[in-house]
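Report on one structure; see the data block that follows.
The values are calculated or read from the model by the stated rules, or taken from the named source; none is laboratory data. What you are looking at is a predicted structure, and each value in this text was computed from that prediction instead of being measured. Virtual Cβ from ideal backbone geometry, glycine too; neighbours counted across all protein chains shown. Surface areas here come from the heavy atoms of the whole protein model, side chains and all, with no ligands, DNA or RNA. Shrake-Rupley method; radii C 1.70, N 1.55, O 1.52, S 1.80 Å.
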Amino acid sequence: DAGVTQSPTHLIKTRGQQVTLRCSPKSGHDTVSWYQQALGQGPQFIFQYYEEEERQRGNFPDRFSGHQFPNYSSELNVNALLLGDSALYLCASSRARDSPLHFGNGTRLTVT
Amino acid sequence: AQRVTQPEKLLSVFKGAPVELKCNYSYSGSPELFWYVQYSRQRLQLLLRHISRESIKGFTADLNKGETSFHLKKPFAQEEDSAMYYCALSGNNYGQNFVFGPGTRLSVLP
C-alpha cells in the first residue's frame with residue numbers, strides 16, 4: 001500500500017500564474033482534504049472532497065479550487081498566485097465518517 | 001469557532017525525564033482530539049486519539065473537558081521521541097474539518 005501520494009514534490013511558479021497539485025488517496029479511502037502549511041505553522045484546512053463534491057471549506061479565497069475524480073484522486077488548483085501562497089501543501093485522505101487523516105509528503109510550492 | 005493552542009514552540013528535555021506537551025482548545029460542541037507527530041524527513045502521522053484511550057510509544061493524553069485541554073505525556077522520554085508534535089481538533093460532525101495547533105518541537109537530549 002503506497003499510502004497517500006502527491007505530485008509534484010516541488011514546484012516554482014511566478015506571481016500571477018496558476019498551479020495544479022495532485023493527490024492519490026490511500027487505498028480504501030474516499031475522502032480527500034487539502035491543507036496549507038506555512039513555515040513554522042500548523043496545517044491550515046483548505047477544503048475537503050467526498051463523492052466528487054466539496055463538502056467543507058476553510059477560510060481560503062476562491063482562487064483556491066479543487067476537484068475529486070471518480071477514482072477518489074483529487075486536484076488542488078490555485079489561480080493568480082501570490083507570494084503569500086508559498087507553502088507546503090498537504091493532502092490527507094480518510095474513510096468517510098471515520099477519522100483519522102493519513103497524510104502525503106506534501107508539495108512544496110514556491111512563488112517568486 | 002474551533003481553535004487549538006500549543007503554548008510551547010520548543011521543548012527540550014533530557015533522556016529519561018518526563019515530558020508534557022500542552023494543548024488547549026476551544027470548541028462549543030463535543031470535539032475529537034488528536035495528536036499528530038512528524039519525525040525528521042517523514043510525513044505527518046497520527047500518534048493517538050482521545051477516544052481510543054491507547055498508549056502509543058509510551059505516550060498518553062487525557063481529554064479534560066473542564067480545562068479544555070488535551071496534554072500529551074510520557075514518563076520517560078527517549079531520543080527517538082524528538083519530533084514535531086501537533087495537537088488537532090475535529091468537530092464531531094460528518095465531513096470532519098480538522099483544526100491543527102501551531103506545533104511543539106520536542107528535543108530529547110542525550
Here the residues within the range B:78-101 that are modelled with pLDDT of 95 or more and surrounded by fewer than 22 Cβ atoms within 10 Å (Cβ to Cβ) are B:Gln78, B:Glu79, B:Glu80, B:Asp81, B:Ser82, B:Ala83, B:Met84
Which residues, counting only those in the range A:41-64, are away from every other protein chain (no Cβ under 11 Å) and open to solvent by 20 Å² or more (accessible area, probe 1.4 Å)?
A:Glu52, A:Phe60, A:Pro61, A:Asp62, A:Arg63
With respect to B:Gln6, determine if the residue is buried (at least 20 other Cβ atoms within 10 Å of the Cβ) and polar (S, T, N, Q).
yes
Sole exception among (1) closer than 20 Å to A:Gln48 by Cβ; (2) in contact with a Lys or Arg (Cβ under 7 Å, 6 or more places away or on another chain) for B:Gln45, by number:
(2)
Restricting the search to the range B:11-20, which residues are more than 16 Å from B:Tyr36 (Cα to Cα) and open to solvent by 50 Å² or more (accessible area, probe 1.4 Å)?
B:Ser12, B:Phe14, B:Lys15, B:Pro18
Just give me the residues in the range B:21-49 being within 11 Å of another protein chain (Cβ to nearest Cβ) and surrounded by fewer than 16 Cβ atoms within 10 Å (Cβ to Cβ), in sequence order.
B:Arg41, B:Gln42, B:Gln45
Just to be sure I understand, how many residues within the range A:68-87 are surrounded by fewer than 16 Cβ atoms within 10 Å (Cβ to Cβ) and either in contact with a His (Cβ under 8 Å, 6 or more places away or on another chain) or in a strand (DSSP E or B) (or both)?
1
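If you take the residues in the range A:1-40 that are part of a loop (DSSP other than H, G, I, E, B) and under 18 Å from A:Pro61 (Cβ atoms), which one is farthest from the other protein chains (Cβ to nearest Cβ)? Before the answer, list the steps.
If we filter the range A:1-40 for residues that are part of a loop (DSSP other than H, G, I, E, B), which is where we start, we get A:1-4, A:8-9, A:14-18, A:25-30, A:38-40.
Now restrict to residues that are under 18 Å from A:Pro61 (Cβ atoms): A:15-18, A:38.
Details: A:Arg15: 27, A:Gly16: 30, A:Gln17: 27, A:Gln18: 26, A:Ala38: 10 Å.
The residue in question is A:Gly16.
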